[in-house]
Amino acid sequence: MESSHSVTQFIQAVQSRNDSVAQQEIFRRSWPRLVPMISKRLNRKYCGMADEEDVALSAMNSFFEGARNNEFSKLENRDDFWSLLLTIAYRKACKHPRHEKAEKRGGGNVVNEAALAMKQSESFVSPLEKESQPSEEEIALRVDEMMEDLQDPVARQVVVLRLQGCTDAEIAVKLRCSEAKIRRKRELVKENWSKG
């Protein structure tokens, strides 16, 4: 079968005669587009030993199996194919966290090599560092003290809004002042806190 055929013709070939060449061509054309789309949907927190390529492969296998068993009667063109393939893939991506957290797969404690390397580097703390790290209560107390040291109520508001994730522009709108004033207040806070 020539590769100049349309995806629709390849799909029909898979459905009618389980054509492995047609499957390969569908796979070759779909894979580069499918993997990035799944990657956007996949929850990175639960990418243990599996990743977007595993989910894409599973979706493609499910599609081919369904096509061979004539489960997709309304599959008429390329758009129907993509809609169906993405639906299968997105459902698998949504089920992925539950799949990865299953007891037989380590209950969510299995991680890939990159995550393992990151975990190890985060978890290693020298004994000297452990002694010098403050507790959460100490940090909260210090932040309260630093906020009290700020005499300027606008500077306090700027700090609180920045901690909430607001940009200078958003803070300026909320406080009804210019962005330049917000930047000056942030610099004032930095200067005061660097002294303490």
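The values are calculated or read from the model by the stated rules, or taken from the named source; none is laboratory data. What you see is a predicted model; the values in this text were computed from it and never measured. Cβ placement follows ideal geometry from the backbone for every residue including glycine, while neighbour counts extend to all protein chains displayed. Side chains are part of the model used for accessible areas, which takes the heavy atoms of the whole protein and leaves out ligands, DNA and RNA. Shrake-Rupley method; radii C 1.70, N 1.55, O 1.52, S 1.80 Å.
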**Report entry** Test set (1) on the phi < 0 side of the Ramachandran plot; (2) modelled with pLDDT of 55 or more - Leu128 fails condition number
**Finding:** (2)
Requested in this report: Just give me the residues in the stretch 157-180 being surrounded by 14 or more Cβ atoms within 10 Å (Cβ to Cβ) and farther than 16 Å from Ser194 by Cα, in sequence order.
Outcome: Gln157, Val158, Leu161, Arg162, Cys166, Asp168, Glu170, Ile171, Ala172, Leu175, Cys177, Glu179
Query raised in the report: Among (1) crowded, with 16+ Cβ neighbours inside 10 Å; (2) at pLDDT 75 or above; (3) not basic (Lys, Arg), which single condition is Asp149 missing?
Result: (1)
Query - Options Ser83, Ser30, Ser20: the member that is modelled with pLDDT of 80 or more, of a type in the set (Gly, Ala, Ser), open to solvent by less than 60 Å² (accessible area, probe 1.4 Å) and more than 17 Å from the chain's Cα centre (by Cα) - result: Ser30
Report task. Please list, ordered by first then second residue, the pairs with beta carbon atoms under 6 Å, 6 or more apart or interchain, first in the stretch 82-95 and on the phi < 0 side of the Ramachandran plot, second among the basic types (Lys, Arg) and in a helix (DSSP H, G or I). Result -> Tyr90/Arg41; Ala93/Arg41
